[in-house]
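Taking it in order: structure first as structure tokens, then the write-up.
The values are calculated or read from the model by the stated rules, or taken from the named source; none is laboratory data. In this text the structure is predicted, and so the values were computed from the model without any measurement. For neighbour counting, all protein chains shown are included, and Cβ atoms are generated from backbone atoms with ideal geometry for every residue, glycine included. Just so you know, the surface numbers come from the protein's heavy atoms only, side chains and all, with ligands and any DNA or RNA stripped out. Shrake-Rupley method; radii C 1.70, N 1.55, O 1.52, S 1.80 Å.
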Amino acid sequence: MLSHLSSNVVSAKARAMYGRRLTARNYQEMLNCKNVTEIARYLATNTDYDKVLAGINDREVHRGQLENRLKQKLLADSAALCRYEISISDALAAYLLQRSEVDQILNALLHLNADRTKEYFFSMPATLAVHSRIDLVRLSGADSFDSIIAALAHTPYHMLLESFRPTYDNPIDFTAAENALNTYLYSQLYETIEHLRYKGMKQDLRQIVDLYLDLNNFARILRFKTYFQAGPDYIRSNLLPFGSLNKDQIEKMIQARDAGEVRTLLAKTRVGKKTSKIEYNFADQLAERALYNVCRRGVHFSVYASVVMLSYIFYMQIELMDIINIVEGIRYHLPPEEIKKLLAFSDF
């Protein structure tokens, strides 16, 4: 009885939170802002991000500071939902923490590769340090690969990253490191799903994650072929080993002559047919828009609280990414119509 009650509570709570999502009007009004200050002020006074932006100095706000404040809403919403849903709460909270940790490691590696390590401190979310296994203070001051490794001591990331140690002649292979970290992250999520009690719940959750990772791999193949002219071995080694596409389907896309053939091959698969009506401007956007649509349906119609909860969390991750894309577009003085093309949300 308690489990059934908690499921009803978490579904209702997630749907209520979803009801406070950004609207088409919010998106349009953000696109009309002139700078980061205006966006911060708009979000603080017109949206459900008001609490995490309370007290921020919007006259001097930095893009990284705004982004970190906005991420606090996702963490707070997730924590609120996890308190009620006992069947997946601990494991989902662990996934969200791991996702944040992976983001921080990749951020540190990017700053190191760009020789801009001093800037990382200002983009590190201080609130994450309370729960993370990583020594985030040490990571924020890391100025070498060894110091990054030291910050990851006693975590699973230590050994994962050690194999990518740079040499004098070879810098860090960021793409390979990113792939290894994300493989670890999603393997943990799939393991969580596999240990759930109800078959229908597991199936629905797997379908959400499978869809996203199938299209993520599709986007990677296109990107490697189009921008890097990468060979089959390199492409194959940098795909995530998950999803519903079988090995033969993936291999045919890897061996395809060009991007057009990759798209044709995807269209023949069940995933391609399911997403055939989704318009997108670049490969990565297809995964985002497909996940966006699936999560909306999950929040509205799923009978499983865990599916409603994960759908809401994934939806909010996409919304946050859209806000960041708007901020970046405005910083680089892109016209609103050009910024709009970058967004997952397209209903305006």
key: Matching residues in the stretch 149-165 - criterion: being out of contact with any His (no Cβ under 7 Å at 6 or more places or on another chain), under 9 Å from Ile134 (Cα atoms) and assigned to a loop (DSSP other than H, G, I, E, B)   = Ala153, His154, Thr155
query = Restricting to the stretch 248-270, what's the tally of residues that are under 26 Å from the mean Cα position of the chain (by Cα) and hydroxyl-bearing (Ser, Thr, Tyr)?
reply = 1
Failed item, numbered, when Tyr292 is tested on (1) touching an Asp or Glu at 6+ places or on another chain (Cβ under 8 Å); (2) closer than 18 Å to Ile208 by Cα = (1)
key: Sole residue being modelled with pLDDT under 90 and either more than 19 Å from the chain's Cα centre (by Cα) or open to solvent by less than 40 Å² (accessible area, probe 1.4 Å) (or both), chosen from Leu139, Leu181, Leu110, Leu152   = Leu139
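Of the residues that sit in the stretch 263-308 and are of a type in the set (Val, Ile, Thr) and in a helix (DSSP H, G or I), which one is nearest to Tyr227 (Cα to Cα)?
Residues of the stretch 263-308 of a type in the set (Val, Ile, Thr): 264, 269, 271, 275, 278, 294, 299, 303, 307-308.
Still in the list and also in a helix (DSSP H, G or I): 264, 271, 294, 299, 307-308.
Details: Thr264: 19, Val271: 24, Val294: 29, Val299: 36, Val307: 36, Val308: 37 Å.
Checked the stretch 263-308; the qualifying residue nearest to Tyr227 (Cα to Cα) is Thr264.
Table: residues versus (1) open to solvent by less than 60 Å² (accessible area, probe 1.4 Å); (2) out of contact with any Cys (no Cβ under 6 Å at 6 or more places or on another chain).
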| residue | (1), (2) |
| --- | --- |
| Val299 | yes, yes |
| Val308 | yes, yes |
| Ser311 | yes, no |
| Asp322 | yes, yes |
| Lys341 | no, yes |
| Phe348 | yes, yes |
request  = Scan the stretch 184-202 for residues that are open to solvent by 30 Å² or more (accessible area, probe 1.4 Å), among the aromatic types (Phe, Trp, Tyr) and closer than 16 Å to Glu101 by Cβ and report the count.
outcome  = 1
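Quick check: is even one residue across the stretch 330-337 more than 21 Å from Thr37 (Cβ to Cβ), open to solvent by 70 Å² or more (accessible area, probe 1.4 Å) and of a type outside the set (Gly, Ala, Ser)? Let's see the steps before the verdict.
Restricting attention to the stretch 330-337, the residues satisfying the condition of being more than 21 Å from Thr37 (Cβ to Cβ) are 337.
Next, from what is left, pick out any that are open to solvent by 70 Å² or more (accessible area, probe 1.4 Å): 337.
So of that shortlist, the ones also of a type outside the set (Gly, Ala, Ser) come out as 337.
Yes.
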inquiry  = I'd like to check something: does the stretch 208-230 contain any residue that is open to solvent by less than 40 Å² (accessible area, probe 1.4 Å), touching a residue at least 24 places away in the same chain (Cβ under 8 Å) and in a loop (DSSP other than H, G, I, E, B)?
reply    = no
ask   = Would you call Ala79 assigned to a helix (DSSP H, G or I) and either at pLDDT below 85 or among the β-branched types (Val, Ile, Thr) (or both)?
value = yes
query = So which of Ala267, Ala259 ends up being exposed (fewer than 14 other Cβ atoms within 10 Å of the Cβ) and aliphatic (A, V, I, L, M)?
reply = Ala267
inquiry  = What's the total number of residues in the stretch 26-76 that are open to solvent by 60 Å² or more (accessible area, probe 1.4 Å) and of a type in the set (A, V, I, L, M)?
reply    = 2
Pairs where the first residue, in the stretch 242-253, is within 16 Å of Ala267 (Cβ to Cβ) and the second is of a type outside the set (A, V, I, L, M) and buried (at least 20 other Cβ atoms within 10 Å of the Cβ), C-beta under 6 Å, 6+ apart = Ser244/Asp214; Leu245/Asp214
